[in-house]
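Asks: Sending over a structure as structure tokens; questions will come in a sec.
The values are calculated or read from the model by the stated rules, or taken from the named source; none is laboratory data. This one's a predicted model, so the numbers in the text were calculated from it and none came from an experiment. A quick note on method: Cβ atoms are made from the backbone with ideal geometry, for glycine too, and the neighbour counts reach across all protein chains shown.
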Amino acid sequence: MPRLRPAVVLAALCLTFACAATGRAPTVVLPDGVMVDFPTAITFTLPDPPQDVAGAAVVYKVEHHSCAEVSGYAPADMANGPRWTWDLSDAGGLPPGARITYRWETRDAAGVVSSTPERAFTVEDARYQWREVREGLVTVRWHSGSESFARQMLGYATESVDTLTRETGTPLQGPATIHIYQSTSQLRGALINAQEWTGGQAFPQFGLIAIAVPSGSGSLGKPYIAHELSHLFIGQATFSCYTRAPSWLDEGLATRAEGPLRPEFQSLLGSAIARDDLFTVRALRAAFPTAPAEASLAYAQSASLVDYLLEHFGADRMAIFLEALREGLTDDAALHRAYGFDQEGLYARWRAWKGLAAPAQPVPTPTSTPVRIPTPPGLNMILSGPAGATSQRVSAFTGSTAIAIATGGGAHD
Ligand SMILES: [Zn+2]
């Protein structure tokens, strides 16, 4: 989910980040007939097809956390190959670093089906020469600037992982790889349908982050990396086939991970408390508002809700809460298991902590029955193939979250 930037930081970052226009990535020709035109298309051509081939298809899979082993099946164009071009623009794109496995299935005139061995490749942004540094589960890949810059970013990332682990009682669940671009324009060249304000995007199901942090930015990049890494961390810690973590928890932890609450967030939250004009916890479950002031308040209040839970109940209870969400419990059931109260209970207690009276009109508490989603959204895309995918599906497929660092301040996707 996107993140707002304070105006002063936006201005500084825009001057530094969003500048150089970048060209298209060169086509990368891989062995075994694969050509990658990042980020828009991948073309598969079957080398040395059998003489009597009558039909062929690519059976492929995008490696990521999912609820079932499901492969795509794409019939090939026999007049020019066999050949199949996967239009990633229609599919919403893949993050740099995504891993694809595939094999060819061929059918001869008699209907006998044969299969090639399974092969794999990584989708790279070939506009740049990437280097990498690694510590534990965290890898930083960068293409410009010194190794000391990369190690500084790696230090911010590992420090964030340590803090999140300590505060949530939960370890990082898998590898996290961060691709660092030098500007928002470079970053947007790697993403399909990126918004003007996109400054970073986390893909928790892939264990990948793409983010814009110029090599000369020093510590300015720290909160950006901490925010997106938190999304990846929580996305993996709460991954479930049945539901996803509420926005107030995901964004609250990510905003808290940045460091002390920004002054403008503090001011907005203070004013909203003084007016008693606040969001209920239930209202902060879904996507945040798009209006800048409301969105900023949503982030500030979410961070404060997480502050309340961590300061009063600690890491052990948070670990139980995250695990319950991972099991697919509803927010109310997960809160009950960890804390003994539901969303209304949290809202009432948080209000009391802030010196406010009990909510005037408490919303009736719904049942705590988990809501099962029979087919995970991403699987729809894989099952139906990219031609049938919508941007909404793909957003769910990538499980991605974006942050805003350029102009516009209040934009969200
Ligand atoms: Zn965020």
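Asks: If a residue counts only when it is more than 30 Å from K222 (Cβ to Cβ) and modelled with pLDDT under 50, which helices (runs of 4 or more DSSP H) contained entirely in segment 301-413 have at least 1 such residues?
Replies: Details: elements: 331-339, 343-353, 377-384, 391-398.
Ranges flagged: 377-384, 391-398.
Asks: Still on this structure: Looking for whichever is among the hydrophobic types (A, V, I, L, M, F, W, C) and surrounded by fewer than 17 Cβ atoms within 10 Å (Cβ to Cβ) here; the options are V123, V113. Which one fits? Break it down stepwise before answering.
Replies: On the way: V123 fails: surrounded by fewer than 17 Cβ atoms within 10 Å (Cβ to Cβ).
Result: V113 is the single residue among V123, V113 that is among the hydrophobic types (A, V, I, L, M, F, W, C) and surrounded by fewer than 17 Cβ atoms within 10 Å (Cβ to Cβ).
Asks: So, one more: Could you tell me how many of the residues in segment 310-330 are under 21 Å from the mean Cα position of the chain (by Cα) and charged (D, E, K, R)?
Replies: Qualifying residue count for the region: 3.
Asks: Does F288 meet the test of being away from the ligand (no atom under 16 Å from the Cβ), of a type outside the set (G, A, S) and either closer than 25 Å to G207 by Cβ or at pLDDT below 95 (or both)?
Replies: On the way: away from the ligand (no atom under 16 Å from the Cβ): no; of a type outside the set (G, A, S): yes; either closer than 25 Å to G207 by Cβ or at pLDDT below 95 (or both): yes.
No.
Asks: Here's another thing I want to ask about it. Looking at segment 132-145, is at least one residue in contact with a helix residue (DSSP H, G or I) (Cβ under 7 Å, 6 or more places away or on another chain), in a helix (DSSP H, G or I) and modelled with pLDDT of 95 or more?
Replies: Looking for residues that are in contact with a helix residue (DSSP H, G or I) (Cβ under 7 Å, 6 or more places away or on another chain), in a helix (DSSP H, G or I) and modelled with pLDDT of 95 or more, one finds none in segment 132-145, hence no.
Asks: If I ask for residues that are surrounded by 16 or more Cβ atoms within 10 Å (Cβ to Cβ) and not hydroxyl-bearing (S, T, Y), which ones from segment 265-284 would you list?
Replies: F265, L268, L269, A272, I273, L278, F279, V281, R282, A283, L284 - these are the residues of segment 265-284 that are surrounded by 16 or more Cβ atoms within 10 Å (Cβ to Cβ) and not hydroxyl-bearing (S, T, Y).
Asks: Right, here's the next one. When you check D125 against the structure, is it assigned to a helix (DSSP H, G or I) and closer than 24 Å to F38 by Cα, yes or no? Step through it out loud before you land on a result.
Replies: On the way: assigned to a helix (DSSP H, G or I): no; closer than 24 Å to F38 by Cα: yes.
The answer is no for D125.
Let's see how each residue does on (1) within 17 Å of the chain's Cα centre (by Cα); (2) not assigned by TED's automatic domain parsing to the domain that holds Q173; (3) not in a loop (DSSP other than H, G, I, E, B):
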{"position": "S66", "(1), (2), (3)": "yes, yes, no"}
{"position": "V70", "(1), (2), (3)": "no, yes, no"}
{"position": "A74", "(1), (2), (3)": "no, yes, yes"}
{"position": "A79", "(1), (2), (3)": "no, yes, no"}
{"position": "T85", "(1), (2), (3)": "no, yes, yes"}
{"position": "S89", "(1), (2), (3)": "no, yes, yes"}
{"position": "P96", "(1), (2), (3)": "yes, yes, no"}
{"position": "R107", "(1), (2), (3)": "no, yes, yes"}
